[in-house]
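Novice: Encoded as structure tokens, here's the structure I'll be asking about.
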Amino acid sequence: MDHAGLPTVSLAEDGDEEALAQHLTGIFHRIGFLVVVHHGVSGDLIDRVFASMHRFFALSEGDKRSIDKLHSPWFRGWEAVGSEYTNNRRDEREQIDIWSEWPSRSRDVEPHYLRLLGPNQWPPANIHAGLEELMGEWYAEMGGLAGRLLRLIAIGLGLAPDHFDQVLGPEPMSLTKLIHYPPTPVGGAGVNAHHDAGFLTVLAPGPTSGLEVDFPGRGWVPVPTVEGGLVINLGENLQAMTGNYLIATPHRVITSKERFSAGYFHGSSLDVSLAPLDLDPRFAAAVEASDHHRSAGFMARKEETDHGTADMASPRPAATYGEQLWNYFSRSYPTNMARHHADLIPLED
């Protein structure tokens, strides 16, 4: 199926896995975005996550600040509208960020990005009960779907089916964003144009439109709501590791109505290298034959954006997933970074 240019793919278990793998990988080569149905994630779980979001975001600001992200050196918790910046532009949304939990490291740990490992902030039970347990279910189901998609991508790339299982490492860092968008002010964006970090994103978009994808040759295309569907898009890890054969497509949110969504961003251990994989030469040949793929850039580092690098125009990816996330936090949360990690902020020239 195809909705306004965005493919919708069934993941029903009774099909030909090889054919499905080739079909998905072909879409991710051309677009980097699709909708999946028959994906196996419980509709009841998604409903409970959205109900929890509605309850939390309806709380007073004082109650929400019980898990204020400003208190977290690990960039976890709630943030008010306008706290995050994308490419130096304010995002018009509030959200809770929840990451995979691993033991925190000392301040002098090397590499420095291992500072990002640590605990989440959970609201007290008398303010908002049950979120930690609900997120345990969410991570299990979303991580399972992401793992299945990576298996299919590996097959489509001519790799062993479990290739990415081996790559993810012992302390994978995945993110969930529970997001509330108020109506977008004129000239703004709920979230400005960007690529995602990590390997791939699984988004429960909710019933309200607003997500837009920058399709090659077509400009900004609205992503339609597909009943029971989850939106899948690739992160920059796979773009880097496939030498731009698979691409992370720019996307943004502009909404005329209040909107809620829940995104799961599948990641690896922080020290995982993003160097190109050893793929069949035909994949590199396909990139060389396409202006769009050859010129596909990456989210710029903060020092690049400060010196005028255009959105998603960095010519090279980070060397590791940890460096990629450190770049993201440096760009998007300068206040948090200055509060908790000022010793690692480069001095201005």
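The values are calculated or read from the model by the stated rules, or taken from the named source; none is laboratory data. No experiment lies behind these values; they were computed from the predicted model shown. Cβ sites come from the backbone with ideal geometry, for glycine too, and all protein chains shown count toward neighbours.
Novice: If you scan region 146-167, which residues turn out to be under 17 Å from Asp278 (Cβ atoms) and among the small types (Gly, Ala, Ser)?
Specialist: Correct list: Ala154, Gly156, Gly158, Ala160.
Novice: Specify the residue that is nearest to Gly267 (Cα to Cα); the eligible residues are those in region 310-349 that are of a type in the set (Asp, Glu) and modelled with pLDDT under 90.
Specialist: Result: Asp311.
Novice: Checking Ile247 against (1) out of contact with any strand residue (DSSP E or B) (no Cβ under 6 Å at 6 or more places or on another chain); (2) under 20 Å from Tyr113 (Cβ atoms), which single condition isn't satisfied?
Specialist: (2)
Novice: Let me ask you something else. Could you look through region 216-234, keep only residues that are over 14 Å from Val253 (Cβ atoms) and buried (at least 19 other Cβ atoms within 10 Å of the Cβ), and pick out the one that is nearest to the chain's Cα centre (by Cα)?
Specialist: Selected residue: Leu234.
Novice: Follow-up question, since we're still on this one. In region 1-79, which helices (runs of 4 or more DSSP H) lie fully inside it and hold 2 or more residues that are surrounded by 18 or more Cβ atoms within 10 Å (Cβ to Cβ) and either touching a Lys or Arg at 6+ places or on another chain (Cβ under 8 Å) or modelled with pLDDT of 95 or more (or both)?
Specialist: In region 1-79, the matching helices (runs of 4 or more DSSP H) lie at 17-30, 43-57.
Novice: From the list Thr201, Thr255, which one is hydroxyl-bearing (Ser, Thr, Tyr), over 24 Å from Pro317 (Cα atoms) and either modelled with pLDDT under 95 or buried (at least 20 other Cβ atoms within 10 Å of the Cβ) (or both)?
Specialist: Of the residues listed, the single one that is hydroxyl-bearing (Ser, Thr, Tyr), over 24 Å from Pro317 (Cα atoms) and either modelled with pLDDT under 95 or buried (at least 20 other Cβ atoms within 10 Å of the Cβ) (or both) is Thr255.
Novice: Yes or no: region 64-72 includes at least one residue that is of a type outside the set (Lys, Arg) and within 18 Å of the chain's Cα centre (by Cα).
Specialist: no
Novice: Please specify each residue of region 89-106 satisfying the condition of being touching a strand residue (DSSP E or B) at 6+ places or on another chain (Cβ under 9 Å) and either in a loop (DSSP other than H, G, I, E, B) or of a type in the set (Phe, Trp, Tyr) (or both).
Specialist: If the condition is that a residue be touching a strand residue (DSSP E or B) at 6+ places or on another chain (Cβ under 9 Å) and either in a loop (DSSP other than H, G, I, E, B) or of a type in the set (Phe, Trp, Tyr) (or both), then Asp91, Glu92, Arg93, Trp99, Ser100 are the ones that fit.
Novice: Mind telling me which of the residues Thr335, Thr309 ends up being under 24 Å from the mean Cα position of the chain (by Cα), within 27 Å of His29 (Cα to Cα) and among the hydroxyl-bearing types (Ser, Thr, Tyr)?
Specialist: Thr309
Novice: Using beta carbons and a limit of 7 Å, which pairs, at least six apart or on different chains, have the first residue in region 49-60 and touching a residue at least 12 places away in the same chain (Cβ under 8 Å) and the second one assigned to a helix (DSSP H, G or I) and among the hydrophobic types (A, V, I, L, M, F, W, C)?
Specialist: That search, which allows pairs on different chains as well, returns Val49/Leu134; Val49/Trp138; Ser52/Leu131; Ser52/Leu134.
Novice: In addition: Tell me yes or no: at least one residue of region 100-114 is under 13 Å from Ile67 (Cβ atoms), surrounded by 15 or more Cβ atoms within 10 Å (Cβ to Cβ) and touching a Ser or Thr at 6+ places or on another chain (Cβ under 8 Å).
Specialist: no
Novice: Okay, next question. Search region 132-177 for residues being within 21 Å of His54 (Cα to Cα) and in contact with a strand residue (DSSP E or B) (Cβ under 8 Å, 6 or more places away or on another chain), and hand back the single one that is surrounded by the most Cβ atoms within 10 Å (Cβ to Cβ).
Specialist: That would be Met142.
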